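Worksheet: the structure to be examined is printed underneath.
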Amino acid sequence: MNPLYTEFKRKFSISMYKNMGIPLGEMNFFKDFVNDTRGDLYPLFEKSEDCCEQVCENRYHVSCGAAERVFCQLFPFATYEVKAEAVNGEVGFVFRLPEMAAFITLVNEKGETYLSYRCAEHTKKIEIPSEFTERSPWLVTLRPSCFDIYYRQNGGANHLITVEEPLFADSNCYKIFKDSNVSLFASGEVCVMSVTSCLDNGVSIADFRAVKYEDGTVIHENGKIYFTGSIRTHAGNYQAIFSWVPGTMQLEMTGALFFDHGDGYWRGYIASSLVYDRRAKKWYVWTSSFEHAHILAYGQFDGEPRFGINVADVTLMERASKDDADTEFLGFFQDEDPDLVYDEENGRWLLAICRVGKETKKYIYCFFESDNPFRNFRYIGRGVVDGALETGGSFLRVNGELHFACGNSFTKRSDYRIYSKDGMKEAKFRYPDGGFRGWGCVFPVSLGSRKRYFWLTFDRHNGSGYNWSYGNFYCFEAEEVL
């Protein structure tokens with residue numbers, strides 16, 4: 001019996017909320033960088049004449065005056081966190097672009113504690129809840145045009161406020177952020193315990209896809225497989241890569257992939273299909289460009305996108321006109337969730353595109369083939385039309401045969417489809433979830449003498465008020481029937 005048609009059993013489920021990330025910077029208070037003459041660990045940007053600084057007992061103290069020390073390079077999607085006590089003063093971050101700066105600081109004066117925001121003529125006093133004290137760790141996540149501010153409580157992160165800042169609209173332009181920095185600012189009487197920066201996993205995660213070889217085989221190295229996932233921030237998103245020891249809950253965020261379609265801006269396209277062609281020794285990517293007319297983009301590159309922060313230069317599909325049939329290989333508004341695989345048996349690349357049908361006005365998967373991974377594709381068919389709302393589809397191989405799994409339906413919980421040469425069947429789940437137009441990401445993995453099939457999906461529980469900030473993470477498993 002085909003293992004995809006057995007029951008997938010619930011393995012585990014988790015909720016991710018800014019609890020994982022790729023470290024980008026950290027201030028250490030082990031050494032006296034204030035008086036050190038043989039190094040410049042955190043360069044002074046500015047210091048008042050009356051400033052008195054001291055590093056002792058793994059703390060950084062300012063007892064009077066003001067100092068600003070450069071912490072790390074600015075990255076436009078990163079999160080910056082500080083734990084500090086403002087006894088009678090001000091402490092926080094300065095985000096410095098080449099021609100402007102934004103100050104976000106914790107202020108304690110005359111017994112009143114609040115957050116302060118200052119950028120050019122824009123100033124804002126931010127009231128804080130009673131559980132947010134002057135010793136609470138707090139975070140700032142930078143997005144183009146926005147600062148999302150959180151505070152920690154019982155180990156979790158609580159969203160406090162989003163400050164919109166049009167002057168930071170171009171902070172994701174490489175020419176700008178490569179010459180920008182983030183500093184620690186302290187004045188009055190403050191004590192700083194920790195300062196860190198990371199690219200974190202946001203308020204939710206979605207859109208999983210196995211990182212595969214060209215023939216659809218999941219890359220399995222050193223006991224780990226890899227998958228792409230969409231990081232959902234308080235609003236907006238970007239593409240991350242995770243490693244996973246299959247069958248366990250050992251997950252690690254190892255990389256992030258951003259996209260430049262030729263204008264010098266790094267953008268967070270998502271739902272990417274990431275394929276390594278062993279013959280050409282190239283990585284291929286198809287991705288969803290929601291920021292540019294909601295069409296697809298593609299590219300190839302060298303390097304290793306599974307680790308660290310990378311950028312891929314991509315090309316947007318040629319835009320379709322209103323008169324073009326939806327079977328044309330053109331970029332239609334609302335195209336998303338592509339997947340690419342090489343069909344060795346027929347010597348053709350296959351590309352699946354999630355597309356809104358012109359007649360049905362519903363999402364359906366359209367399939368194309370070509371002898372090139374990016375060009376000259378021709379239409380070869382589509383999924384089941386009646387009642388379809390298909391998204392999140394992936395090619396996979398089961399005993400050498402190509403299958404295609406995808407989610408379906410906004411109205412049904414855990415409604416999944418599996419296409420093969422024998423037609424379409426529905427997947428079954430024990431303790432189903434990931435519901436309301438689920439996601440079809442399946443990993444066939446050999447573990448010991450058995451092959452196991454892991455289905456990763458997510459639900460639509462919003463991590464913020466932003467409509468597309470879902471969801472929680474679910475893992476299901478089916479075994480090969482011997």
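The values are calculated or read from the model by the stated rules, or taken from the named source; none is laboratory data. All values reported here derive from a predicted model rather than from experimental measurement. So basically every Cβ, Gly included, is an ideal-geometry build from the backbone, and we count neighbours across all protein chains shown. Heads up: the accessible areas ignore ligands, DNA and RNA and are worked out on the full protein's heavy atoms, side chains in. Shrake-Rupley method; radii C 1.70, N 1.55, O 1.52, S 1.80 Å.
Some values worked out for this structure:
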read-out: Rounded FRET efficiency, nearest 0.05, which uses the C-beta distance separating Asp32 from Lys451 and R0 of 45 Å; value: 0.20
read-out: Spin-label pair Lys178/Val311, simplified geometry with 7 Å Cα→Cβ offset, distance in nm; value: 0.7 nm
read-out: Dipole magnitude of the chain, debye to nearest 20 (Cβ charges: Lys/Arg +1, Asp/Glu -1, about Cα centre); value: 1520 debye
read-out: Rounded if a/c under 1.5, otherwise prolate or oblate - the stretch 309-459, Cα gyration tensor axes; value: oblate
read-out: Estimated dipole of the stretch 40-116 in Debye, rounded to 20 [Cβ of Lys and Arg +1, of Asp and Glu -1, Cα centre]; value: 200 debye
read-out: Per-residue ³J(HN,Hα) for the stretch 92-108, Karplus 6.51 cos²θ - 1.76 cosθ + 1.60, θ = phi - 60°, Hz, x for Gly and Pro; value: x, 10, 10, 9, 10, 7, x, 10, 6, 8, 10, 9, 10, 9, 8, 10, 10
read-out: Ranked packing of 2-11, 371-380, 135-144, 231-240, most packed first, by mean Cβ within 10 Å; value: 231-240, 135-144, 2-11, 371-380
read-out: Average Cα contact separation per residue, the chain, under 8 Å, 6 or more apart, as relative contact order %; value: 15 percent
read-out: FRET efficiency for Lys358 and Phe410, using Cβ-Cβ distance with R0 set to 22 Å, rounded to 0.05; value: 0.65
read-out: Charged-residue dipole, Cβ positions (Lys, Arg, Asp, Glu), the stretch 161-212 about Cα centre, Debye nearest 20; value: 380 debye
read-out: Prolate/oblate/rounded call for the chain, Cα gyration tensor, a/c under 1.5 rounded; value: prolate
read-out: Peptides ranked, highest mean first, by Cβ atoms within 10 Å: ranges 106-114, 63-71, 390-398; value: 390-398, 63-71, 106-114
read-out: Distance between modelled label sites at Arg118 and Arg319, nm, 7 Å Cα→Cβ extension; value: 4.4 nm
read-out: Förster radius 25 Å - calculated FRET efficiency between Lys125 and Ser145, Cβ distance, rounded to 0.05; value: 0.75
read-out: Residues of the chain: accessible area per residue with a 1.4 Å probe, Å²; value: 42 Å²
read-out: Dipole of the chain, positive direction: furthest Cα of Met193, Met100, Gly156, with charges on the beta-carbon; value: Gly156
read-out: Stretchable slack from Glu479 to Lys282, in nm (0.36 nm times residue separation minus alpha-carbon distance); value: 67.7 nm
read-out: Residue (of Leu139, Ser63, Phe258) at the positive-pole extreme of the chain, dipole from beta-carbon charges; value: Phe258
read-out: Accessible surface of the chain [probe 1.4 Å, protein heavy atoms]: carbon and sulfur percent; value: 45 percent
read-out: Segment Ile161-Ile14, extension gain: residue separation times 0.36 nm, minus the distance between their alpha carbons; value: 50.4 nm
read-out: Residues with amide H under 5 Å from that of Phe45, placed H, sequence gap 5 or more; value: Glu68, Arg69, Val70
read-out: Contact order relative to length of the stretch 368-433, as percent, for alpha carbon pairs under 8 angstrom and 6 or more apart; value: 19 percent
read-out: Mean separation of Cα contacts under 8 Å (6+ apart) over length of the stretch 29-82, as relative contact order %; value: 35 percent
read-out: Gyration tensor (alpha-carbon) shape descriptor, the stretch 202-311, a/c threshold 1.5; value: oblate
read-out: Expected 222 nm ellipticity per residue - DSSP helices of 4 or more, -39500 (n - 2.57), all of the chain, to 500; value: 0 deg cm²/dmol
read-out: Residue list for the stretch 55-81, given a label point 7 angstrom along the Cα-to-Cβ vector of Val87 and an amide N cut-off under 19 Å; value: 55-68
